[in-house]
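Enquirer: Pasting a structure below so you can have a look.
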Amino acid sequence: MQKEKFHITDDIDFIYEKTINKYGTGAKIDAPKEFLGRKVYVLIRKE
């Protein structure tokens with residue numbers, strides 16, 4: 001991905017903020033069960 005602005009043109013149902021948690025040797029993000037099986041976008045912010 002290039003360092004440029006981007007636009008999300010899909011309709012958005014819900015936006016929420018979560019912290020990535022350790023899970024075994026990887027990581028996970030908890031999400032509401034109602035979105036199970038849905039396509040999602042994960043954006044990682046610079047700190």
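Enquirer: Can you find even one residue in the stretch 28-36 that is out of contact with any Phe, Trp or Tyr (no Cβ under 9 Å at 6 or more places or on another chain), in a strand (DSSP E or B), surrounded by 10 or more Cβ atoms within 10 Å (Cβ to Cβ) and not aromatic (Phe, Trp, Tyr)? Quick ask: steps written out before the conclusion?
Expert: The first filter runs over the stretch 28-36 and keeps only residues out of contact with any Phe, Trp or Tyr (no Cβ under 9 Å at 6 or more places or on another chain), leaving 28-30, 33, 36.
Remaining after also requiring in a strand (DSSP E or B): 28.
Checking the rest, the ones that are also surrounded by 10 or more Cβ atoms within 10 Å (Cβ to Cβ) come to 28.
Subset that is not aromatic (Phe, Trp, Tyr): 28.
Checked against the condition, which is being out of contact with any Phe, Trp or Tyr (no Cβ under 9 Å at 6 or more places or on another chain), in a strand (DSSP E or B), surrounded by 10 or more Cβ atoms within 10 Å (Cβ to Cβ) and not aromatic (Phe, Trp, Tyr), the stretch 28-36 yields at least one hit.
Enquirer: Hey, among the residues in the stretch 8-26 that are of a type outside the set (Val, Ile, Thr) and over 14 Å from Lys39 (Cβ atoms), which one's modelled with the lowest pLDDT? Don't jump to the end; show me each part of the working.
Expert: Keep residues of the stretch 8-26 that are of a type outside the set (Val, Ile, Thr), which gives 10-11, 13-14, 16-18, 21-24, 26.
Checking the rest, the ones that are also over 14 Å from Lys39 (Cβ atoms) come to 16-18, 21-24, 26.
Numbers: Tyr16: 85, Glu17: 89, Lys18: 90, Asn21: 94, Lys22: 95, Tyr23: 94, Gly24: 96, Gly26: 96.
Only one residue tops the list, namely Tyr16.
Enquirer: On to the next question. Determine which member of the set Ile15, Ile8 is in a loop (DSSP other than H, G, I, E, B) and in contact (Cβ under 8 Å) with a residue 12 or more places away in the chain. If you could, list the steps in order and put the result at the bottom.
Expert: Details: Ile15 fails: in contact (Cβ under 8 Å) with a residue 12 or more places away in the chain.
Only one candidate passes the filter, namely Ile8.
The values are calculated or read from the model by the stated rules, or taken from the named source; none is laboratory data. This structure is a prediction, so every number in the text was calculated from the model and none was measured. Every residue, glycine among them, receives a Cβ derived from its backbone with ideal geometry; neighbour counts consider all protein chains shown.
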